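Each remark here refers to the structure printed beneath this line.
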Amino acid sequence: MKILILGGYGVFGGRLAELLADLPDIELVIAGRDLARAERFCARYRGQPRLLPYRLDRRAIAEGLLAQRPDLVVDASGPFQDYGADRYRVVEACIAAGIDYLDFADAADFVFGMDRFDAAAKGAGVFALAGVSSFPALTGAVLADMAKTMDIHSVEGGIAPSPFAGIGLNVMRAVVGYAGAPVKLRRGGQDAYGTGLAESLRFTVAVPGRLPLRNIHFSLVDVPDLLVLPREYPDIVDIWMGAGPVPELLHRILNLLAKARARLRLPSLLPFSRLFYTILNWMKFGEHRGGMFIRVRGLAAGQAVERSWHLLAEADDGPYIPSMGVEGVVRKMLVGERPAAGARSSVGALNLADYEALFAGRSIYTGFRADDICAPLYRLLLDSAFDSLPRRVQDLHGSGASRRWHGAAEVRRGRGLLARAAARVFGFPKAAARVPVTVDFAPEGGGERWTRTFGEMSFSSLQSPGTGRNAQLLVERFGPLAFAMALVVEGGRLHLVPRRWSAFGIPMPRFLLPDGTSFESEQDGKFHFAVEISAPLIGLVVAYEGMLEPADRG
């Protein structure tokens, strides 16, 4: 198969070529206006396909197709928002030449208008799919899976790239171009307009059992989903899609500029694209992780439900996700699974199982969450990951009723003056090689009161599900101090990972956040716990480890 990638040395085209590096039976024509860049890309490429650098301007696409005669054209150039009056030049040329076509288009109007070429594409026996990327190929696959068990009425979604992922200049031009401009969407069952980058929400991307992303600020973006998904799902009355680039400070500045442009009717912010592009790619700090979410509301068996799908991508794997849609279509074509002839959006081009196969072997994790507020605390937070816990850990957390477990533990204490003072304030137990332990669990205020008794000393805390910026975290309160922890399932253990903390309701600096290795597991058929509390400038405060079993076992 010969594939011509227009913009093949760019961000998305280059990543697509890398994703196809294991396929010896394809030839990639790395095309673009700059032959030197195409040649440099081909020279450093490491993969099995044969690569050919080729100078090609989209305005001369017909001549290029005649010269190269590819089996498939992938338009990875853009920005599609700037293609002007003759925006479908490449699409029309491919159909006229009888060549299949895919693109990475993120412009809503461009993707929505693809249907006008449906009859011509069918007559030529070719397919032309627009927007074969995260939006709307992946989002469409997620909704198709959710629609199997519910009627979808409302959709919210967002993508949060890693700060280390980098962003192309064309993408930045597209985003800054619609900042403060009207964005078509569906709202209250009517066609309406939002304001690009001026509307925001916060959300925590949290795959069950995985370390969630920090709570992220998302702002409205102009993506194809806003137009094509309501067409696919007529019952959708509200749809909103956002992006959550970090650092948040720069994001907030864009929000302010977008609101100012909309309110004061200022000209486009497009001239500032390169400035934002430079700053965003320079300010690389924080966690090298990215994510995505889709949250839907609707009806299942006549009952109102809320469900969400989450994606986490660690380190360098996340930036490849936008190019994986095209990769998936190519791989399916190579085994004889060719998209049906016709021109349309990419919704339905791939299903969720196709994407899961593409994610396999990479640090990309996905999972669904259901809105089950009646579930016990830990099942509520862990959702489907709860069932992967060891049996004894499930037993301890599987009920929301009052209960008592008992056993024995070893206790270690910090020796410093500050460590001893902190342990005394919280009522932590004294050091002991072995001490009897009783833990009483009692429902309280939507959470659980844990009262731990080591010998004759007791201390208690209130555990509850986090809200706001602590969403999807377990919040444990010791008087005026509150610690938000992620529940992470790994290696047969339930780890409690500190993420945020506050004092008297005031967020405290992260560099002063107490930490320590704490986990729960099963050992010798009993519930096994290990808790370590350390603090910056203080060191170890207390650590205790032991076994528990239900008290009613005698």
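The values are calculated or read from the model by the stated rules, or taken from the named source; none is laboratory data. Since we're looking at a predicted model, the values are computed, not measured. Virtual Cβ from ideal backbone geometry, glycine too; neighbours counted across all protein chains shown. Side chains included, ligands, DNA and RNA excluded: accessible areas come from the protein's heavy atoms. Shrake-Rupley method; radii C 1.70, N 1.55, O 1.52, S 1.80 Å.
List, in the order given, every pair from LYS122/LYS332; LYS2/LYS122; LYS2/LYS184; LYS259/LYS284 whose Cα-Cα distance in the structure shown is over 28 Å.
LYS2/LYS184
Report the extension gain between ARG338 and ARG424 in nm, rounded to one decimal, defined as 0.36 nm multiplied by the number of residues separating them, less their alpha carbon distance.
24.1 nm
In region 271-378, carbon and sulfur make up what percent of the accessible area (probe 1.4 Å)? Don't jump to the answer; show the numbers that get you there.
Values: 2790 of 4870 Å².
The nonpolar share, carbon plus sulfur, comes to 57 percent.
Among PRO245, ALA43, LEU381, which residue has its Cα furthest toward the positive end of the charge dipole of the chain, with +1 on Lys/Arg Cβ and -1 on Asp/Glu Cβ?
PRO245
Towards the positive end of the charge dipole of the chain, with charges on Cβ (+1 Lys, Arg; -1 Asp, Glu), say which of VAL176, PHE80, PRO24 has the farthest Cα.
Selected residue: VAL176.
Can you pull out the trypsin sites (Lys or Arg not before Pro) in region 397-465 that DSSP calls coil and that have at most 10 other Cβ atoms within 10 Å?
Passing both the DSSP loop test and the Cβ count: ARG415.
Would you mind calculating the gained length between ARG263 and ALA120 on full extension (0.36 nm times residue separation, minus the Cα-Cα distance), in nm to one decimal?
Using 0.36 nm per residue and subtracting the Cα-Cα distance, I get 47.2 nm.
Put TRP405, TRP282 in order of accessible area, largest first, 1.4 Å probe: what do you get?
Descending accessible area places them as TRP282, TRP405.
I'd like to compare 311-319, 113-121: which one has the highest average count of other Cβ atoms within 10 Å, and what's the full order after that?
Order by mean packing, descending: 311-319, 113-121.
Using amide H atoms built 1.01 Å from N in the peptide plane, name the residues 5+ places from ARG403, or on other chains, whose amide H lies under 5 Å from its own.
PHE441
Return the distance in nm (one decimal) between the two label points of a simple spin-label model at GLU490 and GLU248, each offset 7 Å from Cα along Cα→Cβ.
Modelled inter-label distance: 2.4 nm.
Going 7 Å from the Cα of ALA192 along its beta-carbon direction, which residues of region 230-262 have the amide nitrogen within less than 11 Å of the resulting point?
237-240
Can you give me the span-like helices of the chain, meaning DSSP H runs with 15 Å or more of Cα extent along the axis and Kyte-Doolittle mean at or above -1.0?
Numbers: long enough: 248-264 (24 Å, 0.30); 321-334 (20 Å, 0.69).
Helix filter hits for the chain: 248-264, 321-334.
Determine the per residue accessible area of the chain with all protein chains present and a 1.4 angstrom probe, expressed in square angstrom.
It amounts to 44 Å² per residue over the chain.
With label points built 7 Å along Cα→Cβ from the Cα atoms of LEU66 and SER402, find their separation and express it in nm.
Inter-label distance under the simple model: 8.7 nm.
Treating only the Cβ atoms of Lys and Arg (+1) and Asp and Glu (-1) as charged, compute the dipole magnitude of the chain about its Cα centre; round to the nearest 20 debye. Could the numbers behind the result be given before it?
Numbers: 64 positive and 59 negative charges, 338 e Å.
Rounded to the nearest 20 debye, it is 1620 debye.
Within region 185-277, which trypsin sites (Lys or Arg not before Pro) sit in a loop by DSSP and count at most 14 neighbouring Cβ atoms inside 10 Å?
Hits after loop and neighbour filter: ARG265.
Run down the aspartates and glutamates and flag those whose C-alpha is under 18 Å from the C-alpha of LYS430, throwing out any fewer than 8 positions away in its chain.
The qualifying aspartates and glutamates are GLU410, GLU456, GLU532, GLU545.
Counting only protein heavy atoms and using a 1.4 Å probe, what share of the accessible area of region 413-459 belongs to carbon plus sulfur, as a whole percent?
The C+S portion of the solvent-accessible surface of region 413-459 is 56 percent.
Have a look at VAL126, ALA301, ALA198 and report the one farthest towards the positive end of the charge dipole of the chain, computed about the Cα centre with Cβ charges (Lys/Arg +1, Asp/Glu -1).
ALA198
Nearest 0.05, what FRET efficiency do ARG44 and ILE279 give at R0 = 30 Å with Cβ-Cβ as r?
My answer for the efficiency is 0.65.
What is the gain in length, in nm to one decimal, between ASN351 and ASP515 on full extension, counting 0.36 nm per residue of separation less the C-alpha to C-alpha distance?
Working: separation 164, 0.36 × 164 = 59.04 nm, distance 4.09 nm.
Full extension of this stretch gives 55.0 nm more.
Please work out the ratio of the alpha-carbon Rg of region 329-482 to 2.2 N^0.38 Å and round it to two decimals.
Output field value: 1.61.
Given a 1.4 angstrom probe, I'd like the percentage of the accessible area of region 157-216 that is carbon and sulfur, rounded to a whole number.
So the carbon and sulfur contribution to the accessible surface is 52 percent.
Using a Förster distance of 51 Å, how high is the FRET efficiency between ASP57 and ALA503, based on the Cβ-Cβ distance and rounded to 0.05?
Efficiency computed from Cβ-Cβ geometry: 0.25.
To the nearest 0.05, how large is the calculated FRET efficiency for SER200 and GLU306 if R₀ is 25 Å and r is the Cβ-Cβ distance? Let's see the in-between values first.
Values: r = 20 Å, r/R0 = 0.79.
Rounded to the nearest 0.05, the efficiency is 0.80.
State the Cα centre-to-centre distance between region 38-59 and region 310-341 in whole Å.
For region 38-59 versus region 310-341, the Cα centre distance is 20 Å.
Which Rg and Dmax, in Å, describe the Cα atoms of the chain?
Rg, Dmax (Cα atoms, Å): 27.0, 87.
Please sort 440-447, 525-532 by packing, taking for each peptide the average over its residues of neighbouring beta carbons within 10 angstrom, highest first. Walk me through the numbers before you get to the answer.
Working: 440-447: 15.0, 525-532: 18.6.
Highest-to-lowest ranking by the protection proxy: 525-532, 440-447.
For every helix of n ≥ 4 consecutive DSSP H residues, a contribution of -39,500 (n - 2.57) applies; sum these over the chain, divide by its total residues, and give [θ] at 222 nm rounded to the nearest 500 deg cm²/dmol.
The per-residue figure over the chain is -7500 deg cm²/dmol.
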